[in-house]
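Just so it is clear, none of the values below were taken in a lab; they were calculated from the coordinates. Keep in mind it's a predicted model, so treat the numbers as computed, not measured. Heads up, the Cβs are rebuilt from the backbone with ideal geometry, glycines too, and the neighbour counts pull from every protein chain shown.
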Protein chains: 2
Amino acid sequence: MTTHHHHHDALGHHQCVRLVPIFNHLEDDQMNEIMQVAQSRQYKKGEMIYMAGDESDALYIVSSGKIRIYRLSESGKEQLVRILTPGEFTGELALFRESIHTNYAEAMSNTQVCMITRADLQEFLLKYPSISLKLLQEFSNRLDQSETQTTRFATEKVDTRIAYFLSDLMEDEGGSMIVDLPMTKKDMASYLGTTPETISRKLADFEDAGYIHQISNRKIEILDLDEMLMV
Amino acid sequence: MTTHHHHHDALGHHQCVRLVPIFNHLEDDQMNEIMQVAQSRQYKKGEMIYMAGDESDALYIVSSGKIRIYRLSESGKEQLVRILTPGEFTGELALFRESIHTNYAEAMSNTQVCMITRADLQEFLLKYPSISLKLLQEFSNRLDQSETQTTRFATEKVDTRIAYFLSDLMEDEGGSMIVDLPMTKKDMASYLGTTPETISRKLADFEDAGYIHQISNRKIEILDLDEMLMV
DNA sequence: CGGAACTTTGATAACGTTCAACATTCGTGG
DNA sequence: CCACGAATGTTGAACGTTATCAAAGTTCCG
């Protein structure tokens, strides 16, 4: 047990599979079948689920907790790619490729994941082709998101990127005028390709301009979205 | 016929299907089956294959010519996403989603494509699940590429992005020291999220530093890749 | 409660865009 | 095949934006 940096729970906790949109159109017996092969694992805060260069052999679905996915650029600088919350999954990138991870996955808090091995998943996909279509759909969405993000980096300055970030958060939270930042401002800077200093300054500028009100460190009230997006 | 801005060739020209890596592991009868439903189309230089907002209902495979895929940011600025050459395909993004295109596809020269409708493709995927796995693999690759690009934007300055762009081109051409730019410098600027002026200047700087030699407008000899990548 | 990590603010400097003028290349029709 | 016009590419100077460095303030977590 000392050689394992994670806790492997051979018994239950496979309910996580039900959390995943990709699987929740399955019939009961199919669901049972995949729950048979799913393994539950626990990671403590700060532990790595996988790293760039690791061989990829599994799909990881978050049951509880949060996972931070990041990359290092060729010259070693870190960028936050996305944060996974319960129901979301990762590992897919390398699952269908040369099976080497190109990014890093780190538990942000105590985190429980469901793991399905590459072999089991592929077998399952060949047996139930409709799941592949769902997966393709999910991939399409991510690709679109990633390209949207790329285009924002390529064409917008920091102001605007921050504004769209806040706008996206509002949508995620169903249009509430008060958004909770899902990460530290340091991480937000990394995600948006800028520095914590600049995030601080631009948010202060937005506040001066009357577009937002910073309620607390992690809470922002949006006062005038449209104006903010036209900066 | 006047209402159609493209030429539809109902007869042959379905060989294009053979060009696509995704399909070239198929057995003969499967190949014939998909060639049955593939339609050939021609676009003249400058014609649009699809635009953002169009309903997506087909996969387009390039037989000959080139297709320019680009996006507009929310604020209307254009970014070149990728250029498709024979054997590559597009249309996939919206194929499995809400079926609305989010980017633009424009013929860069007279271009012949093979078109497979959404319905035909889905039927085919359900019938031959192994193709889905190939498609998933292709999507993974694109996602990885897109995230790599995003990370470069987020963490590297223009110098370095240009250097990696040249480096990628070298790889594509099998390590030859002389690379042909696959697009105008204007497009290169759009792709790399900068301006033509800056591309000009940085390439001149690279030349001064002895990293490259600009043979002609579209041809660059790489003299010292390693040094150039460490700018 | 205390230390570490994160955040803010100010001053400065590096970086890249913009605008304008000129040079070159490309592509089309004669 | 050449000539011409349009599009693309180059160079310089000025400006705007954002990173960097430093120091002080705040929040978080054990």
Under a plain spin-label model, where a point goes 7 Å from the Cα along Cα-to-Cβ, how far apart in nm are A:Asp28 and B:Asn32?
4.5 nm
Rounded tilt (10° steps) of A:28-37 against the dominant C-alpha axis of chain A
90 degrees
Given backbone amide H placed at 1.01 Å from N, residues whose amide H is under 5 Å from that of A:Ser40, ignoring those fewer than 5 places away on the same chain, are A:Asp9, A:Met115
Considering only the other residues whose Cβ falls under 10 Å of the Cβ of B:Leu26, what net charge follows from Lys and Arg at +1 and Asp and Glu at -1?
-2
With at most 14 other Cβ atoms within 10 Å, longest stretch of chain B clear of loop trypsin sites (Lys or Arg not before Pro) (DSSP)
B:46-156
Net charge of Cβ neighbours under 13 Å - reference B:Asp205; Lys, Arg +1; Asp, Glu -1
-2
Got a sec to turn the phi values of the range A:154-161 into Karplus ³J(HN,Hα) couplings, 6.51 cos²θ - 1.76 cosθ + 1.60 with θ = phi - 60°, whole Hz, x for Gly and Pro?
6, 10, 10, 8, 4, 2, 5, 4
Compute the signed sum of charges (Lys and Arg +1, Asp and Glu -1) over the other residues within less than 9 Å, Cβ to Cβ, of B:Asp180.
+1
Residue-ordered couplings for the range A:204-213, obtained by feeding phi - 60° into the Karplus form 6.51 cos²θ - 1.76 cosθ + 1.60 and rounding to whole Hz (Gly and Pro as x), are 4, 4, 4, 5, 4, 7, x, 7, 9, 9
With the dipole of the range A:7-142 worked out from charges on the C-beta (+1 for Lys and Arg, -1 for Asp and Glu) around the Cα centre, which of A:Thr117, A:Tyr50, A:Thr85 lies farthest toward the positive end?
A:Thr85
Taking only the alpha-carbon positions of the protein assembly as shown and ignoring solvent, what does the Debye formula give for the base-10 log of I(q)/I(0) at q = 0.07, 0.10, 0.11 Å⁻¹?
-0.41, -0.85, -1.03
Using the Karplus curve 6.51 cos²θ - 1.76 cosθ + 1.60 with θ = phi - 60°, what ³J(HN,Hα) values do you get for each residue of the range B:142-147, in whole Hz, with x for Gly and Pro?
5, 4, 4, 4, 5, 6
